[in-house]
Amino acid sequence: MIKIAVFASGTGTNFEALVAHLKQSTLPIEISCLVCDHPDAQVVQKAQHDDVLVWTHQLNEFDNKHAYELAILDYLKKQSIDLIVLAGYMRILTSVLLAEYPQSILNIHPALLPAFPGRHGIEDAFAAGVKVTGVTVHYVDEGIDSGQIIAQQAVTIGENEQIETVESKIHQVEHELYFESICQVLRQKGLI
Ligand code: GRF
């Protein structure tokens with residue numbers, strides 16, 4: 001069984017979509033745990049509802065970020081995690097995790113990178129007046145949304161479209177593209 005750890009900080013719709021895809025699939029892949037830096041985040045309740053193990057601690061419970069990531073690493077190693085997928089995890093990873101999981105940490109971003117990196121990809125693209133934005137799945141490195149691109153899908157913005165419908169279209173694309181990209185990466189690694 002391929003074991004995935006999802007890292008998330010917020011609502012968890014991507015987490016939910018991945019769990020739902022795997023429930024419908026016969027692939028030997030499981031979401032083994034959720035790592036969350038906000039114990040009160042909605043994604044924690046979603047994971048508990050889906051019987052997924054949860055590791056949730058705030059950074060300020062530890063001396064520094066190095067110690068925080070070492071604790072996460074220890075947890076992941078005990079579970080023999082193969083792949084980490086970030087789904088709205090609002091922290092930059094350090095070499096503690098990056099060195100242990102080379103080319104094995106993915107992120108999803110709600111814009112067509114390298115355009116509009118950072119926390120507000122949808123809002124920034126909308127404010128810039130672009131006619132096409134989209135979703136990017138990429139490997140994680142030390143930068144902000146700067147790792148090698150794995151997959152992208154475009155989303156068009158209509159003439160008088162409101163930001164709410166753009167957001168909704170982007171999230172719909174995310175919920176399909178992330179699962180497809182994870183399968184693509186696992187196939188390339190020869191794991192499935
Ligand atoms: C998504 O838009 C994702 O692209 C970004 O964070 C958001 C997380 O949403 N990295 P959710 O918590 O999965 O609903």
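Quick check on my link table: of LYS3/LYS65; LYS65/LYS169; LYS3/LYS46; LYS3/LYS78; LYS65/LYS189, which ones sit more than 23 Å apart, alpha carbon to alpha carbon? Over 23 Å apart, Cα to Cα: LYS3/LYS65; LYS65/LYS169; LYS65/LYS189. Comparing HIS57, VAL44, LEU18 along the charge dipole axis of the stretch 15-79, the residue lying farthest to the positive side is LEU18, per the Cβ-charge model. Helical content alone sets the calculated 222 nm signal of the chain at -11500 deg cm²/dmol, taking -39,500 (n - 2.57) per DSSP H segment of four or more residues and averaging over every residue.
Based on the Cβ-Cβ distance from VAL130 to GLU176, what FRET efficiency comes out when R0 is 30 Å, to the nearest 0.05?
Numbers: r = 22 Å, r/R0 = 0.72.
Calculated value: 0.90.
Comparing TYR68, SER104, ALA87 along the charge dipole axis of the chain, the residue lying farthest to the positive side is SER104, per the Cβ-charge model.
Report, in debye and to the nearest 20, how large the dipole of the chain comes out about its Cα centre when Lys and Arg carry +1 and Asp and Glu carry -1 on their Cβ.
Numbers: 12 positive and 24 negative charges, 101 e Å.
Its charge dipole is roughly 480 debye.
Expressed to the nearest 5 percent, the antiparallel share of DSSP beta bridges inside the chain is 40 percent. Inter-label distance, GLU30 to ALA67: 3.3 nm, where each label sits 7 Å from its Cα along the C-beta direction.
Ratio of Rg to Rh for the stretch 113-192, alpha carbon only, Kirkwood? Looking at the stretch 113-192, the ratio lands at 1.02.
Potential lengthening of the chain between LYS3 and GLN184 amounts to 63.6 nm, from the contour at 0.36 nm per residue minus the alpha-carbon distance.
Using the C-alpha gyration tensor of the chain, what are the square roots of 5 times its eigenvalues, in whole angstrom, with the largest one first? Please report the intermediate quantities before stating the final value.
Details: eigenvalues 142, 71, 55 Å².
Sorted largest first and rounded, they come to 27, 19, 17 Å.
A dipole drawn for the stretch 136-177 from +1 and -1 charges on Cβ atoms has a positive end, and of SER168, GLN153, GLY143 the residue lying farthest that way is GLN153.
Available extension along the chain between GLU123 and THR94 is 7.8 nm, counting 0.36 nm per residue and deducting the alpha carbon span. When a/c reaches 1.5 or more, the comparison of a/b and b/c decides; with that in mind, is the stretch 17-103 rounded, prolate or oblate per its Cα gyration tensor? In terms of gyration-tensor shape, oblate.
A short reminder: the numbers here are calculations on the coordinates, not readings from a lab. Everything numeric here is computed off the predicted structure, so don't read it as measured data. Heads up, the Cβs are rebuilt from the backbone with ideal geometry, glycines too, and the neighbour counts pull from every protein chain shown.
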